[in-house]
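Structure record follows, encoded as structure tokens.
Read-outs throughout are calculated quantities, based only on the coordinates presented, and are distinct from any laboratory measurement. From a predicted model like this one, the values you see are computed outputs, not experimental measurements. Note that each Cβ is placed from the backbone with ideal geometry, even for glycine, and that neighbours are counted across all protein chains shown.
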Amino acid sequence: MMELEHRVIKLELRVDDHAEELRSLKTISSDLRSSLSGIEKTLAQIKWISTGAVFVVVAQSIGIDKLLLKIIAV
């Protein structure tokens, strides 16, 4: 009977340890989720900046910038 009680106590301690580890993992998961959200926002900004830069380079190579300046000057 003592052995059974000892084993039950060990299992209870193990369950408590697992519950604590699970809480810790949930906290880490939440932190990682917020970090990934920030990374996604930064990548979206980089995408739009590079898209704008490509547009400017293409516009300059075609000569649209000079056309726009003539239109504005009129």
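The long axis of helix 64-73 is offset from the longest Cα principal axis of the chain by roughly 60 degrees. If you average the alpha carbon positions of the range 35-74 and of the range 1-31, how far apart do those two centres end up, in angstrom? Here the answer is 55 Å between Cα centres. Each Lys and Arg adds +1 at its Cβ and each Asp and Glu adds -1 at its Cβ; summed about the Cα centre, the chain shows a dipole of about 780 debye. Across the options Gln60, Ala73, Ile28, the greatest Cα extent toward the positive end of the charge dipole of the chain (unit charges at beta carbon of Lys, Arg, Asp, Glu) belongs to Ala73.
Helix-only arithmetic for the chain: the sum of -39500 (n - 2.57) across DSSP H runs with n ≥ 4, divided by the residue total, places the mean residue ellipticity at 222 nm at -35000 deg cm²/dmol.
State the three equivalent ellipsoid semi-axes of the chain, derived from the C-alpha gyration tensor as the square roots of 5 times its eigenvalues, in descending order and whole Å. Walk me through the numbers before you get to the answer.
On the way: eigenvalues 915, 15, 4 Å².
Semi-axis lengths for the chain are 68, 9, 4 Å.
A simple spin-label model places pseudo-atoms 7 Å from Cα toward Cβ; at Arg7 and Glu21 they are separated by 2.1 nm.
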